[in-house]
Amino acid sequence: YLKPRFDPNQVFMAGMFSLLHIALEKTREELLTEIAVPDEIKTSLLTPDGIYSDLISFFGHYEYSNWDEVTRFSEQHGLSSERIYNSYIESVKWYNDLVQE
């Protein structure tokens, strides 16, 4: 659904690693020294210059209700508000199921 089209597996990993450090009570830098991730994801998590940096920034904007930035990103990538909301709810449910096991 994103334009340009990204590898869905990479997008999933970028999203997961964008918040995993919080759940593990570590900095992103600490986490990324302990877990091997592809360079494009590592660069995207640690700098604004990675292929997924805008996407990771979008996750933060959505999480903190920065709606102007969410709207800008969604228009730039052709995403509907409904699609974004449904994807967010799915990810929250997935995370909740994961931590409850």
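The values are calculated or read from the model by the stated rules, or taken from the named source; none is laboratory data. Everything quoted here is computed from the prediction, not taken from an experiment. Don't worry about glycine lacking a Cβ; one is built from the backbone with ideal geometry, like all the others, and counts go over all protein chains shown. SASA here: full protein model, heavy atoms, side chains in, ligands and nucleic acids out. Shrake-Rupley method; radii C 1.70, N 1.55, O 1.52, S 1.80 Å.
Can you send over the carbon and sulfur percentage of the accessible area for the stretch 28-101, probe radius 1.4 Å, protein chains only?
Numbers: 2530 of 5140 Å².
Roughly 49 percent, rounded to a whole number.
Skip the ligands, DNA and RNA, and give the accessible area per residue of the stretch 1-88 with a 1.4 Å probe, whole Å². Could you put the intermediate results ahead of the total?
On the way: 5770 Å² over 88 residues.
Computed with neighbouring chains in place, this is 66 Å² per residue.
Which of rounded, prolate or oblate describes the chain when judged by the alpha-carbon gyration tensor and an a/c cut-off of 1.5?
Taking the square roots of the gyration eigenvalues as a ≥ b ≥ c, the chain is oblate.
Quick one: compute the contact order of the chain, relative version, from alpha carbon pairs under 8 angstrom and 6+ residues apart, as a percent.
Values: 59 pairs, mean separation 26.2, N = 101.
Here the relative contact order equals 26 percent.
So what's the back-of-envelope 222 nm ellipticity for the chain, counting only DSSP H runs of four-plus at -39500 (n - 2.57) apiece and dividing by all residues, rounded to 500? Don't skip to the end; give the middle numbers.
On the way: 6 runs with 73 residues, N = 101.
Mean residue ellipticity at 222 nm (helix-derived): -22500 deg cm²/dmol.
Size of the dipole of the chain about the Cα centre, Lys and Arg at +1 and Asp and Glu at -1 on the beta carbon, nothing else charged, in debye to 20?
Working: 8 positive and 17 negative charges, 48 e Å.
Magnitude of the dipole: close to 240 debye.
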